[in-house]
Amino acid sequence: MQAPSVGGVMLPRGNGQVVRLSRGASLTDFAEKINANPASLVAVMLNLGEMVTATQSVTDETLQLLADEMNYTVEIVSPEEEDRELLESFSIEFGENEGGEEMLVSRPPVVTVMGHVDHGKTRLLDAIRKTNVVAGEAGGITQHIGAYQVATTVNGEDRAITFIDTPGHEAFTAMRARGAKSTDIAILVVAANDGVMPQTIEALNHAKAADVPIVVAVNKIDVEGADPTKVRGQLTEFGLVAEEYGGDTMFVDISARQGLNIDSLLEAVVLTADASLDLRANAEQDAQGIAIEAHLDRGRGAVATVLVQRGTLRVGDTMVAGDAYGRVRAMLDDTGAQLEEAGPSTPVLVLGLTNVPGAGDNFLVVDEDRTARQIAEKRAARERNAAFAKRTRRVSLEDLDKVLKAGEVQQLNLIIKGDASGSVEALESSLLQLDVGEEVDLRILHRGVGAVTETDIDLAAGSDAIVIGFNVRAEGRATSAAEREGVDVRYYSVIYQVIEEIEAALKGMLKPEYEEVELGTAEIREVFRSSKLGNIAGVLIRSGEVKRNTKARLLRDGKVVAESLNIEGLRRFKDDVTEIREGFEGGINLGNFNDIKVDDVIATYEMREKPRG
Ligand code: GDP
């Protein structure tokens, strides 16, 4: 049979056969499936009026269009489906408890705290952690590892609750977007003096969409003018009716600041879980769950917090998390204590992975190192392929003209680097949701965890991209490379700020500039080693003041040897303090960072908006 041709090009022709392609496949992938020459598919696309190279990833629509033209039926396989198939090829099933009912034991609920900005989510998470840490541990320098577990007593019974402690729904949504269900119950925080606000509704909708029961924490009841009754009334309109009004949502009036009614809130969480959820898991199978947060640590390599959802994770297990794999070298909880094993609903910090998994990536324990590596490699390859299709989207600017005239750009290219996979992904998904219309592309060319490197600058220079450093700085020669190449590198530490600025840039508005302001410097006089907290720097404050929870960098012989550190713990004698002034001595804990020496200088800083001249 003579093959039909379009404009002189031989057209591969199907009979409606089904071709399965993964999202982000290229014409070459397509051609392989139907035994055709990739060049002929490029020609077909040209004929259809689209210039596409053979190896470039294309959108679902392009694949459909091409298939229609050649009389094939294309089936786009979603990443989740593909992953399921990948695991099946190793005879692994993810997401189900092994064995029957009799294997299931009850597990603690996993809770996310959501609500409007400034309504007290962070404060509440801190308050819960403080009032319920194991006795004796109070006052110790705990680490934020992305999740923690607390104990409470309900009806005379000891019950545990796991909190995901990245407040806000961005992280929640980013995880859900990847098909991961991390949360059993959402606590919706509403400030009683402020009432229901836009993000309250947004959070509520996210929880509803995920089919997660809600407990409402009416916060700040200590503030004058607080009106908890009004909050109840407002939320009724959104389908959350308080129990005392005949509904089935528990409302608890609290003060995160004063630590008021925190126990009642925890009790409400447990009761809501008992009433509406069947939280059980097999504790004996190979562990499975999700990665919540991960970052690269100078001393310890990839560090990931995972939430075990079923099975028990043990030191020495071989695991795959997203496209990272490795043997569990050590496990720590949020107090820095070493664990040998972790059962269902337990969050643990895992050391030993080859690289950094993404927030929301699933993890599973497998029998052999080789299996782990193969799964990880296949996932990495798929991720690369899918990257393009996923990151391209069309947006438009009101005053597109200005932008186009100024730089002749048709699209705004971004490279995102951040301190942790959770924040990078949250940022990415928020940016991709920016809705400015239909005419300009916002493309995220690359994203990753770690400092801004020379490679990032090269990529940016080659594609006119702006580099966003979220809680990270440029590393070594990257700064001079950026200057040389004229690459715009912008540093941020607040997600909303990035989004606002990018949105403003897309709209062609004036962008605020930020400058770094040094807060203080501390000279390390002595290094104390603590098995639980790592190294503590005994310091003398040389200038300014050092505040807890500010950013810092470490200088050795005048050179920056570490960036993006955080003053996690600050002590004077035996007391935790929030700041220490010039001329005083104290102790500084830099969290996971331990590479400190006598005579090193810790310089702390914050980013402030620069007034426009
Ligand atoms: P988030 O943006 O929701 O995480 O809010 P934060 O936890 O950062 O709290 C915002 C501000 O409200 C901070 O200044 C808190 O100290 C304050 N705040 C939080 N909870 C309470 C409370 O129960 N009472 C009072 N008076 N202030 C609170």
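The values are calculated or read from the model by the stated rules, or taken from the named source; none is laboratory data. Since the model is a prediction, treat every value here as computed from it, not as a measurement. We place every Cβ from the backbone using ideal geometry, glycine too, and count neighbours over all the protein chains shown. Side chains included, ligands, DNA and RNA excluded: accessible areas come from the protein's heavy atoms. Shrake-Rupley method; radii C 1.70, N 1.55, O 1.52, S 1.80 Å.
Among the protein heavy atoms of the chain, carbon and sulfur supply 46% of the accessible surface, probe 1.4 Å, non-protein parts ignored.
Given the pairs Lys181/Lys551; Lys130/Lys574; Lys130/Lys220; Lys181/Lys532; Lys130/Lys551; Lys121/Lys220, which are separated by over 21 angstrom at their Cα positions? From the list (Lys181/Lys551; Lys130/Lys574; Lys130/Lys220; Lys181/Lys532; Lys130/Lys551; Lys121/Lys220), the Cα-Cα distance tops 21 Å for Lys181/Lys551; Lys181/Lys532; Lys130/Lys551.
So, for the chain, what is the accessible surface per residue at a probe of 1.4 Å, expressed in square angstrom? Please report the intermediate quantities before stating the final value.
On the way: 28400 Å² over 613 residues.
Using a 1.4 Å probe on heavy atoms only, each residue of the chain averages 46 Å².
Taking the three principal axes of the alpha carbon atoms in the range 1-102, the coordinate ranges are 67, 29, 19 Å, sorted in descending order.
Of the GluC sites (Glu not before Pro) in the range 215-323, which ones lie in a loop per DSSP and count no more than 16 other C-beta atoms within 10 Å?
Numbers: sites: Glu224, Glu237, Glu243, Glu244, Glu267, Glu284, Glu293; in loops: Glu224, Glu237, Glu284.
Within the range 215-323, the qualifying GluC sites (Glu not before Pro) (loop, at most 16 other Cβ atoms within 10 Å) are Glu224, Glu237, Glu284.
I'd like the distance between the alpha-carbon centres of the range 285-319 and the range 185-250, rounded to an integer number of Å. Measuring centre to centre over Cα atoms gives 34 Å.
Once every DSSP H run of n ≥ 4 in the chain is given -39500 (n - 2.57) and the sum is divided by its residues, what mean residue ellipticity at 222 nm do you get, rounded to the nearest 500 deg cm²/dmol? Write down the numbers at each step before the final one.
Numbers: 15 runs with 168 residues, N = 613.
Estimated from H runs of four or more residues: -8500 deg cm²/dmol.
Where in the range 520-613 are there trypsin sites (Lys or Arg not before Pro) that are in a DSSP coil and have at most 15 other Cβ atoms within 10 angstrom of their Cβ?
Answer by residue number: Lys532, Lys574, Lys597, Arg612.
Label-to-label distance for Asp557 and Arg608 is 3.4 nm, based on points extended 7 Å past Cα in the beta-carbon direction.
Please compute the net charge surrounding Arg327, taking Lys and Arg as +1 and Asp and Glu as -1 over other residues with Cβ under 15 Å from its Cβ. List each step's numbers first, then the result.
Working: positive: Arg300, Arg314, Arg329, Arg370, Arg373; negative: Asp286, Asp317, Glu340, Glu341, Asp367, Glu368, Asp369.
Its environment carries a net charge of -2.
Here the dipole of the chain is about 1320 debye; that uses its Cα centre as origin and unit charges on the Cβ of Lys and Arg (positive) and Asp and Glu (negative).
Could you calculate, for the chain, the ratio of the Cα radius of gyration to the Kirkwood radius, expressed as Rg to Rh? Using Cα coordinates only, the ratio equals 0.99. Working note: Cα atoms of the range 513-610, range along each principal axis, descending, whole Å: 42, 26, 22.
With θ taken as phi - 60° and the Karplus curve 6.51 cos²θ - 1.76 cosθ + 1.60 applied, the whole-hertz 3J(HN,Hα) list for the range 300-308 is 10, x, 5, 10, 10, 8, 10, 10, 6 Hz, x standing for glycine and proline.
Projecting the Cα atoms of Pro79, Leu65, Leu339 onto the charge dipole of the chain (Cβ charges, centred on the Cα centre) puts Leu339 farthest toward the positive pole. Sorted from greatest to least, the principal axis extents spanned by the alpha carbons of the range 282-385 come out as 38, 33, 21 Å.
Values of log10 I(q)/I(0) for the range 226-268 across q = 0.14, 0.15, 0.21 Å⁻¹ run -0.34, -0.39, -0.72, by the Debye formula with one identical scatterer at each alpha carbon and no solvent.
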